[in-house]
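Below is one structure; the comments refer to it alone.
Rule-based calculations on the coordinates, nothing more; no lab input. Because the structure is a prediction, the values reported are computed rather than measured. All Cβ positions, glycine included, derive from the backbone under ideal geometry; neighbour counts span all protein chains shown.
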Amino acid sequence: MPLVNVKEMMEKAREGHYAVGAFNINNLEWTKAILSTAEELKAPVILGVSEGANKYMTGYKVVADMVKAMIETLNITVPVALHLDHGTFEGAQKALAAGYSSVMFDGSHYGIEENVEKTKEIVALAKKLGATVEAEVGSIGGEEDGVTGRGEVADPLQCKMIADLGIDMLAAGIGNIHGQYPANWQGLDFETLAKIKETCGHMPLVLHGGTGIPEDMIKKAISLGVCKINVNTECQLSFAAATRAYIEAGKDKEKKGFDPRKLLAPGTEAIKQTVKEKMEMFGCIGKAN
Ligand SMILES: [Zn+2]
């Protein structure tokens, strides 16, 4: 199946009360692990790519071409969207030109007027190309020297202004943060999420920072309109732990254990396991048809 945008995935998720996992990729192993797990579990999937990961893989074209070719060589039949994660105005344009089927334009650091104007332009460009757009209101917190209590919480009225621009999904800060959650994290702000849902109607909502959010909060967020959940850090942690275990067990020194295909295999398997656990939690297994 060729790349698809997220429109139908989001509609089905909203109606079926589950969320589609958006897993960030960093290289070939990540891509292979996520695509093959989605196929095995018959789950629709979104491959997220940050601008940094695009740069690491030497450019948008390389990523788009690799993903498209791998869908073909692995005989992937489930819907797959290739999505730019936290794109800049320029990055979103480049990704669309290279064949990404979906982009996030993150204008949350601009004032609301500028966010509106720039989001509008990206929506117009994406529509021409048959791609979908995620926009963001209220920035999502990150690792901040262990003192992060909550990420910024979005203003529901600003959410409505952005939701009305023809976007396909909206990321709104509701106390979620990127990276690992601190022990003193106060949890998701469901009151704000409920207000955003009420104000924005059917707009599919996106939950960033999916790593480490407890299952009950994930389920509640889905019941309040979250249709896409981003997972990045958790795959990185499981990859690193499995790779560390391989090396600490001295396996890279046995026979040809130093062969990168062997060295990276335990980490790749670990990513598969993490993706599977997340898909179970999000309820998207078997929803590809
Ligand atoms: Zn994010």
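Values as computed for the structure displayed
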{"read-out": "Hull-based mean projected area of region 47-187, where the convex hull spans the alpha carbons, in square nanometres", "value": "9.6 nm²"}
{"read-out": "Dipole magnitude of region 149-289, debye to nearest 20 (Cβ charges: Lys/Arg +1, Asp/Glu -1, about Cα centre)", "value": "600 debye"}
{"read-out": "Projected-area mean, region 151-204, by convex hull of Cα positions, square nanometres", "value": "3.9 nm²"}
{"read-out": "Positive-pole candidate from LEU170, PHE190, GLY212, dipole of region 151-283, charges at beta carbon", "value": "GLY212"}
{"read-out": "Exposure proxy order (Cβ contacts within 10 Å, fewest to most) of GLU277, GLU51", "value": "GLU277, GLU51"}
{"read-out": "Per-residue ³J(HN,Hα) for region 7-14, Karplus 6.51 cos²θ - 1.76 cosθ + 1.60, θ = phi - 60°, Hz, x for Gly and Pro", "value": "3, 5, 4, 5, 4, 5, 5, 5"}
{"read-out": "Kirkwood Rh in Å, taken over region 1-60 so that all alpha-carbon pairs contribute", "value": "12.6 Å"}
{"read-out": "Given the chain, longest segment not containing exposed loop trypsin sites (Lys or Arg not before Pro) (DSSP; at most 13 other Cβ within 10 Å)", "value": "1-254"}
{"read-out": "For GLU136, distant residues with modelled amide H under 5 Å away", "value": "GLY107, SER108, ALA171"}
{"read-out": "Residue order, fewest to most surrounding Cβ atoms within 10 angstrom, among LEU84, LEU35, LEU3, LEU205", "value": "LEU3, LEU35, LEU205, LEU84"}
{"read-out": "Solution diffusion estimate, µm²/s, Stokes-Einstein, region 242-289, Kirkwood Rh from C-alpha pairs, 10 °C, viscosity 1.306 mPa s", "value": "130 µm²/s"}
{"read-out": "Share of Cα-Cα pairs in region 154-258 lying beyond 16 Å, as whole percent", "value": "63 percent"}
{"read-out": "Cut-off under 5 Å, modelled amide H: who pairs with HIS86 long-range", "value": "MET104"}
{"read-out": "Inter-site label distance for GLU248 and ASP164 at 7 Å from Cα along Cβ, in nm", "value": "5.5 nm"}
{"read-out": "Phi to ³J(HN,Hα) by Karplus 6.51 cos²θ - 1.76 cosθ + 1.60 over region 51-66, Hz, x for Gly, Pro", "value": "5, x, 5, 4, 5, 4, 8, 6, x, 4, 5, 4, 5, 4, 5, 5"}
{"read-out": "Helix-only CD estimate at 222 nm, as mean residue ellipticity for the chain, using -39500 (n - 2.57) per DSSP H run (n ≥ 4)", "value": "-14500 deg cm²/dmol"}
{"read-out": "Equivalent-ellipsoid semi-axes of the chain, from the Cα gyration tensor, Å, largest first", "value": "30, 22, 18"}
